[in-house]
1. Hey, what do the phi angles of the range 15-28 turn into as Karplus ³J(HN,Hα) couplings, whole Hz, using 6.51/-1.76/1.60 and θ = phi - 60°, x for Gly and Pro?
2. Hey, of [x] 16.4; [y] 16.9; [z] 18.9, which did the structure itself give for Kirkwood radius over Cα pairs in Å when calculated?
3. Along Cα→Cβ, 7 Å out, is where each label goes; now give me the distance between the ones at GLN147 and ARG42 in nm to one decimal.
4. Could you work out how far helix 83-116 tilts from the main Cα principal axis of the chain, as a 0 to 90 degree angle to the nearest 10?
5. Treating the angle as unsigned and between 0 and 90°, give the value, to the nearest 10°, between the Cα long axis of helix 179-193 and the longest Cα principal axis of the chain.
6. With only Lys, Arg, Asp and Glu charged, each at its Cβ (+1 for the first two, -1 for the last two), find how big the charge dipole of the chain is about the Cα centre; round to the nearest 20 debye.
7. Label points 7 Å out from Cα along the Cβ direction at ASP127 and SER178: separation in nm?
8. Residue by residue through the range 123-140, which ³J(HN,Hα) values in whole Hz follow from phi under the Karplus form 6.51 cos²θ - 1.76 cosθ + 1.60 (θ = phi - 60°), with glycine and proline marked x?
Amino acid sequence: MASPPRPRGDKRARTRQALITATLEIVAEAGFAGASLEAIARRAGVTRGSIYSNFADRDALMIAAIASQGMSLDRDFSREMPLQAQLHRFAEDLFDQFPAAAGGGGLVIEYQIYAMSQPHLRSKLADLYGGMFAVIARQFEAQYAGQLAIDAHTLALAVQALAMGLVWQFMLTPAEISRDQVIAAFEALARGAARA
């Protein structure tokens, strides 16, 4: 009998995906604290060295696994358009991602709570969010300099806070959150953030 054909695609990408899948399975069984690299490597069918060939460390693997869950939100605010249109577009994208948030968001929240109890992880997440806020603030500043009633960094924080608050509320009470409400909330933020 002939051997089955080898899966197509990059071997490195397949290994990374196997590690992410194994990480999520082990976390589901043992929690974040109990997810050892040895157990993850064994589950993925690779050596522990393969983990370090694909991820800088355990934290990077955990972050990649968590990032594979939940939403994939477009936070690019560099498109040239009025602020209200920019946040309207973002609100629609956010609402469309709510089902994904409901599916994987609980694990993301669990990880964030776990990370808050681990100073080195908390620092890494703070750096990731800080980088994201800096990029968004630069994009807002580039387009709306002189038009904002608040500084661009504060607007970036407000967008994130409103988005995550609506996501959490949707996870708790999905029937209470409509597309129109999400759009109205971001349009109100756009009006409040703009100079009169």
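Every number in this text was worked out from the coordinates using simple rules, so none of it is lab data. The structure displayed is predicted, hence computed values, not measured ones. Note: ideal-geometry Cβ built from the backbone for every residue, glycine included; neighbour counts use all protein chains shown.
1. 5, 4, 5, 4, 5, 5, 4, 4, 4, 5, 5, 5, 4, 4
2. [z]
3. 5.8 nm
4. 40 degrees
5. 60 degrees
6. Result for the chain is approximately 800 debye, rounded to the nearest 20.
7. Those two pseudo-labels are separated by 4.5 nm.
8. 5, 5, 5, 4, 5, 4, 5, x, x, 4, 4, 5, 5, 4, 4, 4, 5, 5
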